[in-house]
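Undergrad: Structure incoming, see below.
Nothing in this text is a laboratory measurement; each read-out follows from the coordinates by a stated rule. Note that the structure is a prediction, hence the values are computed from the model and not measured. Please note: Cβ atoms are built from the backbone with ideal geometry, for glycine as well, and neighbour counts cover all protein chains shown.
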Amino acid sequence: MNCAEAYFEFLCEWLLERCYDDLELIAKFIDKTALQRLEVVAKSKFPRVGEAVAILGEAAKVNKFESNVEWGID
């Protein structure tokens, strides 16, 4: 998981460094938030499955889900 996260971060940074003009064009004509989202993703840490279950568990206290939120129910 660490390797995949590092590679994805590398790809985002590579795009921002080497293809910024193209990304600006995409942001102008196709998706206005594409560049901003890529910058956020490049700087973000991704939650792991355990963290995601905890986040969903907190949300389940306020919202009703079809299934109980717990590890291994997929």
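Undergrad: List the relative contact order of region 2-43 as a percent without decimals, with contacts defined as Cα pairs under 8 Å and 6+ residues apart.
TA: 48
Undergrad: Sticking with this one: Under a straight-distance cross-link criterion of Cα-Cα below 17 Å, which aspartates and glutamates are reachable from Lys32, leaving out those fewer than 8 residues away in the same chain?
TA: Within reach: Asp21, Asp22, Glu24.
Undergrad: Chymotrypsin sites (Phe, Trp or Tyr not before Pro), restricted to region 1-65: which are DSSP loop and have at most 13 other Cβ atoms within 10 Å? Could the numbers behind the result be given before it?
TA: On the way: sites: Tyr7, Phe8, Phe10, Trp14, Tyr20, Phe29, Phe65; in loops: Phe65.
Hits after loop and neighbour filter: Phe65.
Undergrad: Then there is this: Could you give the length gained on full extension between Ile55 and Cys3, defined as 0.36 nm per residue of separation minus the Cα-Cα distance, in nm? Before the final figure, lay out the partial values.
TA: Numbers: separation 52, 0.36 × 52 = 18.72 nm, distance 2.33 nm.
Using 0.36 nm per residue and subtracting the Cα-Cα distance, I get 16.4 nm.
Undergrad: For the chain, which GluC sites (Glu not before Pro) pass both filters: DSSP loop (anything but H, G, I, E, B) and at most 16 other C-beta atoms within 10 Å?
TA: Answer by residue number: Glu66, Glu70.
Undergrad: Can I ask one more? Given the convex hull of the Cα atoms of the chain, what is a quarter of its surface area in nm²? Spell out each step's value before the answer.
TA: Numbers: hull surface 27.5 nm².
That works out to 6.9 nm².
Undergrad: Which net charge results when you count Lys and Arg as +1 and Asp and Glu as -1 among the other residues whose beta-carbon is under 15 Å from that of Glu17?
TA: Residues close to Glu17 contribute a combined charge of -4.
Undergrad: What would the Debye equation give as log₁₀ I(q)/I(0) for region 2-43 at q = 0.22, 0.24, 0.26, 0.30 Å⁻¹, counting only Cα atoms as equal point scatterers?
TA: -0.67, -0.76, -0.84, -0.99
Undergrad: For the pair Lys43 and Cys19, what calculated FRET efficiency results from E = 1/(1 + (r/R0)^6), where r is the Cβ-Cβ distance and R0 = 22 Å, to the nearest 0.05?
TA: Computed FRET efficiency for Cys19 and Lys43 comes out at 0.80.
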